Amino acid sequence: MQWRGRRQSSNVEDRRGGGGGGFGGGGRIPIRGAGGGLGIGGIIILLIGAWIFGINPLELLSGGGSMGGGGQTQTRTADTTSSDEMTQFVSTVLAETEDTWNGIFQAEGETYKEPRMVLFSNQVRSACGTASSASGPFYCPNDERVYLDTTFFQELDQKFGASGDFAQAYVIAHEVGHHVQNLTGILPRFNQMRQTMSPEEANRMSVRVELQADCFAGVWAHYTQQKGLLDAGDVDEALNAATQIGDDTLQKRTQGYVVPDSFNHGTSAQRRNWFQRGIENGRLSDCDTFNNPV
């Protein structure tokens, strides 16, 4: 990915080495993880949320409804001149997601509320609880932040065989996809409904939520590719990462067998498929994981 020399987001907090502690996601569930107009496709996605969750689409389109919990005061503490290359990389990728989603929301006359990213080491405290690095990257809707221990990228490469900067960018874009779901009311409504679901039902719906975030990551990748920022092999890096962190692949690697009822992110094939759907045309209407077989 051709990221060097591009704008870096100021929505980054570097807490590495500062203690702290977090994992949550969805407030209730662990959530791992320029261009384009919302148009009819975007409205369809909002109506999908309304249809499956009973949300009033007028509330979503007007920016009302649930926005994902309490907001903390937004302070901009990132050092965008940092000599830390990883900080520069994640700040640049976050900036690219900001450009894409700002463009998509603005095309429909809406305002995109940019998420913040917290870089941490070992453990971190979030509005969704306290988590260790072992939890992996996650999004907390209660404070609208993406949490990332950047050593996860080393694990992605060395343990899971998913190398490359665009594999890392895919992880960030997936978590930002959850933020989009949060802004449109899909994520908070799911977290409310899951309280009355059986574990199996909650897992099945969680898979659809996660696969939509994968598809949203693909939508971002589509517009990033249109900018000419992708190198040969970048898309394959992201698809490989999606494959390596599929529920079935992870379970086979860790325990030697799979338990489909426990899947909550989707199989490798599903994750690849939905990322590909998003990147092919950049249409949000292609990300309907609720009305289509997954």
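The values are calculated or read from the model by the stated rules, or taken from the named source; none is laboratory data. Here the structure is a predicted model, which means the values were calculated and not measured. Heads up, the Cβs are rebuilt from the backbone with ideal geometry, glycines too, and the neighbour counts pull from every protein chain shown.
Which of the residues that make up segment 98-146 are closer than 21 Å to ALA217 by Cβ and assigned to a helix (DSSP H, G or I)?
Answer for segment 98-146, where residues must be closer than 21 Å to ALA217 by Cβ and assigned to a helix (DSSP H, G or I): GLU98, ASP99, THR100, TRP101, ASN102, GLY103, ILE104, PHE105, GLN106, SER135.
Just one of (1) buried (at least 20 other Cβ atoms within 10 Å of the Cβ); (2) hydroxyl-bearing (Ser, Thr, Tyr); (3) at pLDDT 85 or above trips up SER135, so point out which.
(3)
Yes/no matrix, rows are residues, columns are (1) among the aromatic types (Phe, Trp, Tyr); (2) modelled with pLDDT of 90 or more; (3) over 17 Å from ALA173 (Cβ atoms); (4) part of a helix (DSSP H, G or I):
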| position | (1), (2), (3), (4) |
| --- | --- |
| GLU201 | no, yes, yes, yes |
| GLU210 | no, yes, no, yes |
| TRP220 | yes, yes, no, yes |
| VAL235 | no, yes, no, yes |
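Only one of ARG271, ARG253, ARG194 is buried (at least 21 other Cβ atoms within 10 Å of the Cβ) and in a helix (DSSP H, G or I); which?
ARG271
Can you report the number of residues in segment 222-233 which are outside any loop (DSSP other than H, G, I, E, B) and more than 13 Å from LEU284 (Cβ to Cβ)?
Summing the residues that are outside any loop (DSSP other than H, G, I, E, B) and more than 13 Å from LEU284 (Cβ to Cβ) in segment 222-233 gives 3.
I need the full set of residues from segment 144-186 which are surrounded by 23 or more Cβ atoms within 10 Å (Cβ to Cβ), over 22 Å from ARG125 (Cα atoms) and among the aromatic types (Phe, Trp, Tyr), in order please.
PHE166, TYR170
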